[in-house]
Amino acid sequence: MCTRTSEAASLHKYNLLVGCPRNRERAATSEVNYFIGDLFGDSNLSVSITHVPGLLACWTGLNPFEAIKQLTDLANENPYQFRYAIKFTPIERCVESEIPRIVAAVEELSYKIRENDSFRVTVRRRHTELENIEIVKAAASVIQRTVNLDQPDRTVWIEVVGEWTGVSILNQDIDILSIMTMRDDQY
């Protein structure tokens, strides 16, 4: 398996973010390497520990949405095999954390929101001075669809991690895997 792990890696190329408990990044890295690298056979997998506690940035040679679907199937069999890697979010575009670049990425992906679909913009930000409302307004301004904050058909998901930002348009209920939510639903 061709994997690489590095501390405080440059985040300019990633297509999957993985959340884990603080100070458990190395254990979570091992799990990601096992699940995606070994079980799914991704020889292009690269896992980096970010400067944000509890956050890994990964590059998978697999389609990140398909990887999450496979992880979901695995977790449905037994969510308790995921001890440290507990949240998986696909990233379609990774850009510098500047409003014009974020907006351009959103605009480029906006074709995924069909004409009759509603949407919302969700922003998670870490280590940045950009404000949530500033990002939300700018991103929403390039999408000519109905906004629905409660039950949107699609979510414009924006993850700001310092100087790099990941952007995806997804179905939040299907495309993001949260092991903790899955465990809660079982009881």
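For the stretch 108-117, does any single residue satisfy the condition of being aliphatic (A, V, I, L, M) and either touching a Ser or Thr at 6+ places or on another chain (Cβ under 9 Å) or free of Cβ contacts under 8 Å to residues at least 12 places away in the same chain (or both)? Among the residues of the stretch 108-117, at least one is aliphatic (A, V, I, L, M) and either touching a Ser or Thr at 6+ places or on another chain (Cβ under 9 Å) or free of Cβ contacts under 8 Å to residues at least 12 places away in the same chain (or both), which makes the answer yes. Being closer than 29 Å to Leu71 by Cα, in contact with a Leu (Cβ under 6 Å, 6 or more places away or on another chain) and of a type in the set (A, V, I, L, M) holds for only one residue in Leu149, Leu177, Leu170, and it is Leu177.
Residues checked against (1) assigned to a helix (DSSP H, G or I); (2) modelled with pLDDT under 95; (3) among the β-branched types (Val, Ile, Thr); (4) touching a strand residue (DSSP E or B) at 6+ places or on another chain (Cβ under 6 Å):
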site: Gly61; (1), (2), (3), (4): no, no, no, no
site: Ile68; (1), (2), (3), (4): yes, no, yes, yes
site: Tyr84; (1), (2), (3), (4): no, no, no, no
site: Pro100; (1), (2), (3), (4): yes, no, no, no
site: Val103; (1), (2), (3), (4): yes, no, yes, no
site: Glu107; (1), (2), (3), (4): yes, no, no, no
site: Arg124; (1), (2), (3), (4): no, no, no, yes
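Checking the stated criteria, Trp157 turns out not to satisfy the condition of being more than 11 Å from Phe119 (Cβ to Cβ), surrounded by 13 or more Cβ atoms within 10 Å (Cβ to Cβ) and out of contact with any Pro (no Cβ under 6 Å at 6 or more places or on another chain).
What number of residues within the stretch 77-124 satisfy the criterion of being more than 17 Å from the chain's Cα centre (by Cα), surrounded by 18 or more Cβ atoms within 10 Å (Cβ to Cβ) and in the same structural domain as Ser168 (by TED's automatic domain parsing)? Residues meeting the conditions: 3. Within the option set Ile102, Ile68, being touching a residue at least 12 places away in the same chain (Cβ under 8 Å) and touching a Phe, Trp or Tyr at 6+ places or on another chain (Cβ under 7 Å) holds for one residue only, Ile68.
Restricting the first member to the stretch 159-177 and to residues that are at positive phi, and the second to residues that are among the hydrophobic types (A, V, I, L, M, F, W, C), the beta-carbon pairs closer than 9 Å and six or more apart or on different chains are Gly162/Leu11; Gly162/Val52. Taking the criterion of being more than 20 Å from Leu16 (Cβ to Cβ) and not acidic (Asp, Glu), the residues of the stretch 75-100 that qualify are Asn78, Tyr80, Ile99, Pro100.
The values are calculated or read from the model by the stated rules, or taken from the named source; none is laboratory data. None of the values given here were measured: they were computed from a predicted structure. Here the Cβ is made from the backbone with ideal geometry for all residues, glycine too, and neighbour counts use every protein chain on show.
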